[in-house]
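The values are calculated or read from the model by the stated rules, or taken from the named source; none is laboratory data. None of these values were measured; they are calculated from a predicted model. Methodologically, a virtual Cβ is constructed for each residue, glycine included, from the backbone with ideal geometry; neighbour enumeration extends over all protein chains shown.
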Amino acid sequence: MAMEARLSLRQSQSQRVVMTPLLQQAIQLLQLSTLELQEVVQKELLENPLLEELPETPETPEAPDSREAPVEPDPRVAQASETPPTTEATTRDERQTDELPFDLTAVMFDDHEERSLVAQEDRDELPFENIVRSVSSLTDHLGEQLRFTTDDDVIRKIGTEIIGNLDEDGYLRAELSEMAERCKVTVEEVEKALAHVQGFDPAGVAARSVQECLLIQLKADPNPDPVSVEIVAEHFDDLSRRRYPDIARALKLPLDRIMESVEEIMGLEPKPGRRFGGNDSRYIVPDVVVHKMDGDYVVTLNEDGIPRLRVNSLYRSLLRNSGDDARQYVEQKLRSAMWLIKSVDQRQRTLRKVSQSIVKFQKEFLDKGLPYLKPLSLRDVGEDIGMHESTISRVTTNKYVETPQGLYELKFFFHSGIASGDGVMVSSVSVKKQIQDLLANEDPSKPLSDQEVAQILKGRSLTIARRTVAKYREELGILPSHQRRLMPKKR
């Protein structure tokens, strides 16, 4: 094949951003919560000898030692960190005027990967009750079923007593006679209420023994295996001791048939309350606090536990007096230290700007509560403070704000809107709240259909389609009207 020279043109960007580890660190810091940021900073303090924590009380500056020659700035380090090594330890106020040596907004967005929160609403949005990400307790889960499955006041009273005496595994730890005495009812009525509660999810709850727990789960099947039921009911001691041949002889069945039932029994849950994590409490520390002062809302960042950082001057002096290997090490650590200091400060400034913008948009919500929450998109906040949507998305990840209306995740404030009759946009969260209130106060014998809810909202100047009502109802975990109508008849 003959070789020939060709001249071709290829268009490319004049500047390319290389995602170095330091740049990745700066972007990741935006997404960290306050507690996670504390861990990162503490880790860097241990690993980087050039980093040190500023003392809480200002120290009296000592006179410089005339014997120590001043450290000359090194052009390589100055270019990398944008701060000469001879610069004195900067204070927090001084550092607030510094910027990172790159355009954070420009390098962080990727339209192919980032999507607006409003665009994600159909797929990712959680019910607004879950804003603290709390896992429903076993007591709450059973109490809700009790309210929906019976309108008998006596059964509700006894059922509440039963649920209150369950341990974290879901077993009943009280005698029926004791509960009958406390509720001033007969033991037979307690047994009736107990059978009602034992029909709740999770299967096997409110049992008084492992044997009863397994039997409840087996009988919950519309077509239970009679062999499995008989093994648990009549041969539980042999089962627990794995005496399977004895069970086979007693039931006059092949051992293989017994082992099929044993396999089914082994797949049951002996601790039905386990998945509710009785003692797994999660405590959320707010990253931002909003106070009302003289009629205005003031945004304060929670910086408790985040050390104030500076560069250790003793190590910087090594830049002048060290050999090439030691000098290279110090240069690397100095560059990393300065980058971390600037990245943390820029994270705090960005979080403050975003929080102040959200407060400005949602002032009516802070004054009056959830029904006055306004629709808000990432683009609205981005245009307000001059940042890209992806920056807003990252900085609101895993962040919580304490407001006069309660504790909320920052992303909670971003929702699409529904136009009201007078042209004002109403937040989808506010609409969900209205739907929940309507269905909570409906007549149990005549539950409202999705179409009826849509008509009621239309009377409130909210034009919303029936399918949208159905969607919001499902996200709230509320059953359709025909199923809610049947629930009070269950016993």
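Taking the stretch 450-470, which residues are among the charged types (D, E, K, R) and buried (at least 18 other Cβ atoms within 10 Å of the Cβ)?
Within the stretch 450-470, the subset among the charged types (D, E, K, R) is 450, 452, 458, 460, 466-467.
Once the filter is applied, which keeps residues that are among the charged types (D, E, K, R) and buried (at least 18 other Cβ atoms within 10 Å of the Cβ), the stretch 450-470 yields only 450.
For the stretch 165-194, give me each residue that is under 27 Å from residue 274 (Cα atoms) and assigned to a loop (DSSP other than H, G, I, E, B).
Within the stretch 165-194, 165, 167, 168, 169, 170, 173, 174, 175 meet the criteria.
Among the helices (runs of 4 or more DSSP H) lying completely within the stretch 195-271, list those that include at least 2 residues that are out of contact with any strand residue (DSSP E or B) (no Cβ under 9 Å at 6 or more places or on another chain) and more than 30 Å from residue 164 (Cβ to Cβ). Break it down into steps so the answer makes sense when it comes.
Working: elements: 210-219, 226-234, 236-240, 244-251, 255-266.
Counting at least 2 such residues, we get 226-234, 236-240, 244-251, 255-266.
Yes or no: the stretch 265-273 includes at least one residue that is touching a Cys at 6+ places or on another chain (Cβ under 9 Å), among the charged types (D, E, K, R) and at negative phi. Quick ask: steps written out before the conclusion?
Residues of the stretch 265-273 touching a Cys at 6+ places or on another chain (Cβ under 9 Å): 268-272.
Next, from what is left, pick out any that are among the charged types (D, E, K, R): 269, 271.
Restricting the remaining residues to those that are at negative phi gives 269, 271.
Taking every residue of the stretch 265-273 in turn, at least one turns out to be touching a Cys at 6+ places or on another chain (Cβ under 9 Å), among the charged types (D, E, K, R) and at negative phi.
Could you please let me know if residue 190 is within 36 Å of the chain's Cα centre (by Cα), farther than 24 Å from residue 237 by Cβ, surrounded by 21 or more Cβ atoms within 10 Å (Cβ to Cβ) and without any contact (Cβ under 8 Å) to a residue 60 or more places away in the chain?
Numbers: within 36 Å of the chain's Cα centre (by Cα): no; farther than 24 Å from residue 237 by Cβ: yes; surrounded by 21 or more Cβ atoms within 10 Å (Cβ to Cβ): yes; without any contact (Cβ under 8 Å) to a residue 60 or more places away in the chain: yes.
So residue 190 fails the test.
Residue by residue, here is whether (1) more than 30 Å from residue 148 (Cβ to Cβ); (2) modelled with pLDDT under 90 holds:
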{"position": "197", "(1), (2)": "no, no"}
{"position": "209", "(1), (2)": "no, no"}
{"position": "224", "(1), (2)": "no, yes"}
{"position": "242", "(1), (2)": "yes, yes"}
{"position": "255", "(1), (2)": "yes, no"}
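So residue 447 clears everything in (1) modelled with pLDDT of 85 or more; (2) exposed (fewer than 14 other Cβ atoms within 10 Å of the Cβ); (3) over 30 Å from residue 356 (Cα atoms) except one condition, right? Which one?
With respect to (1) modelled with pLDDT of 85 or more; (2) exposed (fewer than 14 other Cβ atoms within 10 Å of the Cβ); (3) over 30 Å from residue 356 (Cα atoms), residue 447 is out only on (2).
Could you list all residues from the stretch 435-472 that are among the acidic types (Asp, Glu) and assigned to a loop (DSSP other than H, G, I, E, B)? Can you show your working first?
Filtering the stretch 435-472 down to residues among the acidic types (Asp, Glu) leaves 437, 442-443, 450, 452.
The answer is 442, and nothing else.
Quickly run through the stretch 281-312 and pick out the residues that are of a type outside the set (D, E, K, R) and in contact with a Pro (Cβ under 9 Å, 6 or more places away or on another chain). Give the derivation first.
Restricting attention to the stretch 281-312, the residues satisfying the condition of being of a type outside the set (D, E, K, R) are 281, 283-286, 288-291, 293, 295, 297-302, 305-307, 309, 311-312.
Across the stretch 281-312, the qualifying residues are 290, 291, 297, 302, 311, 312.
Just need a number here: residues in the stretch 138-151 that are touching a residue at least 60 places away in the same chain (Cβ under 8 Å) and surrounded by 15 or more Cβ atoms within 10 Å (Cβ to Cβ). Explain how you work it out, then say what you get.
From the stretch 138-151, those touching a residue at least 60 places away in the same chain (Cβ under 8 Å) are 138, 141-142, 148-151; that's our starting set.
Applying the additional criterion that residues be surrounded by 15 or more Cβ atoms within 10 Å (Cβ to Cβ) yields 138, 141-142, 148-150.
Within the stretch 138-151, residues that are touching a residue at least 60 places away in the same chain (Cβ under 8 Å) and surrounded by 15 or more Cβ atoms within 10 Å (Cβ to Cβ) number 6.
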